[in-house]
Amino acid sequence: MERYVIVCTVGGGALKFHEKLTNDVCYKFNKKRTKLPAHFTIKAPFETNKIEDITNILNKFSKSNYKSPIKIEGYGAFREDVVYMDIKMSSQAKKVHDSFIDELEKVPWVKFKHNEGKNKVFHCTIVSKRIKDRFKEIWDYVNNYPCDFNEYFDNISLYMWKSNTWVLVKRYELI
């Protein structure tokens with residue numbers, strides 16, 4: 001069984017901003033960095049030895065769905081465990097996302113938790129590993145930096161857990 005995750009990697013100015021802010025926060029507050037580039041999660045980590053079920057869907061889906069706008073604006077948090085850049089999906093982007101979820105749900109072994117699937121909070125994590133002790137300082141720090149980017153939901157990327165990090169298997173570009 002191999003471990004995988006499905007995400008949309010974020011590009012452009014938002015990627016550069018995320019990299020710098022994440023590095024600054026992790027250095028300044030002595031926290032561990034996330035092992036994935038700037039992204040929003042489409043399907044949280046899962047294990048399978050039947051990844052072809054997913055890659056077949058990805059191949060077909062990416063050839064018939066269009067990239068669509070997203071807005072990355074401001075910050076949010078989950079309790080005092082996660083600080084993130086907030087992602088606002090356009091109605092077009094939400095439609096593409098939800099139809100991909102519909103395709104994944106057709107695979108009998110794919111299971112979604114309550115915070116996954118169609119009604120998730122779209123976000124791009126800055127820091128999430130053991131931050132409760134410094135949460136308020138981190139929150140105040142990131143809020144010094146305006147976050148406002150127009151980007152695209154333009155890819156669905158499959159990563160595999162290998163040698164203690166996430167390794168890109170394939171980036172599927174939306175048309």
- Message: Of all residues being closer than 11 Å to Val25 by Cβ and not β-branched (Val, Ile, Thr) in the range 130-139, which is surrounded by the most Cβ atoms within 10 Å (Cβ to Cβ)? Just the residue, please.
- Response: Arg134
- Find all pairs meeting these conditions: Cβ atoms under 8 angstrom apart; at least six residues apart or on different chains; first residue within the range 155-166 and closer than 24 Å to Asn65 by Cβ; second residue at pLDDT below 95. Trp166/Lys35
- Query: If we keep just the residues of the range 104-121 that are under 20 Å from Tyr152 (Cβ atoms) and touching a residue at least 24 places away in the same chain (Cβ under 8 Å), which is surrounded by the most Cβ atoms within 10 Å (Cβ to Cβ)?
  - Reply: Lys120
- Lone qualifier among Phe122, Phe153, Phe149 - being touching a helix residue (DSSP H, G or I) at 6+ places or on another chain (Cβ under 6 Å), closer than 25 Å to Val107 by Cβ and modelled with pLDDT of 95 or more: Phe153
- Message: Just to be sure before I move on: is Lys132 without any contact (Cβ under 8 Å) to a residue 24 or more places away in the chain, out of contact with any strand residue (DSSP E or B) (no Cβ under 9 Å at 6 or more places or on another chain) and either at negative phi or not aliphatic (A, V, I, L, M) (or both) in the structure I sent?
- Response: no
- Task: Scan the range 15-38 and give yes if some residue there is among the charged types (D, E, K, R), more than 16 Å from the chain's Cα centre (by Cα) and crowded, with 17+ Cβ neighbours inside 10 Å, otherwise no.
- Result: yes
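Taking the range 73-103 as the region of interest, how many residues are in contact with a Pro (Cβ under 8 Å, 6 or more places away or on another chain), among the hydrophobic types (A, V, I, L, M, F, W, C) and not in a helix (DSSP H, G or I)?
The initial filter retains those residues of the range 73-103 that are in contact with a Pro (Cβ under 8 Å, 6 or more places away or on another chain), namely 90, 92-93.
Now narrow it down to the ones that are among the hydrophobic types (A, V, I, L, M, F, W, C): 93.
Next, from what is left, pick out any that are not in a helix (DSSP H, G or I): none.
Qualifying residue count for the region: 0.
Results for (1) surrounded by 15 or more Cβ atoms within 10 Å (Cβ to Cβ); (2) out of contact with any helix residue (DSSP H, G or I) (no Cβ under 6 Å at 6 or more places or on another chain); (3) over 18 Å from Tyr172 (Cα atoms), shown as yes or no for each residue.
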| position | (1), (2), (3) |
| --- | --- |
| Phe46 | yes, yes, yes |
| Lys50 | no, yes, yes |
| Lys60 | no, yes, no |
| Ile126 | yes, no, yes |
- Test: residue in the range 10-22 that is modelled with pLDDT of 95 or more, closer than 16 Å to Glu173 by Cα and in contact with a His (Cβ under 7 Å, 6 or more places away or on another chain): yes
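If I filter the range 59-75 for residues that are over 19 Å from Lys120 (Cβ atoms), modelled with pLDDT of 95 or more and of a type in the set (Asp, Glu), do I get at least one hit? Can you show your working first?
Step one: list which residues in the range 59-75 are over 19 Å from Lys120 (Cβ atoms), which gives 59-60, 62-64, 66-67.
Subset that is modelled with pLDDT of 95 or more: 59-60, 62-64, 66-67.
Now restrict to residues that are of a type in the set (Asp, Glu): none.
No: zero hits.
Would you say Lys113 is modelled with pLDDT of 95 or more and on the phi < 0 side of the Ramachandran plot?
Details: modelled with pLDDT of 95 or more: no; on the phi < 0 side of the Ramachandran plot: yes.
No: the conditions fail for Lys113.
Per-residue answers, yes or no, for (1) free of Cβ contacts under 8 Å to residues at least 12 places away in the same chain; (2) surrounded by 17 or more Cβ atoms within 10 Å (Cβ to Cβ):
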{"site": "Arg79", "(1), (2)": "yes, no"}
{"site": "Lys88", "(1), (2)": "no, no"}
{"site": "Phe100", "(1), (2)": "no, yes"}
{"site": "His123", "(1), (2)": "no, yes"}
- Just one of the numbered conditions (1) farther than 20 Å from Asn115 by Cβ; (2) touching an Asp or Glu at 6+ places or on another chain (Cβ under 6 Å); (3) not charged (D, E, K, R) is not true of Pro37; which one? (2)
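The values are calculated or read from the model by the stated rules, or taken from the named source; none is laboratory data. This is a predicted model, so every value here is computed, not measured. Reconstructed Cβ throughout: ideal geometry from the backbone, glycine too, with neighbour counts over all protein chains shown.
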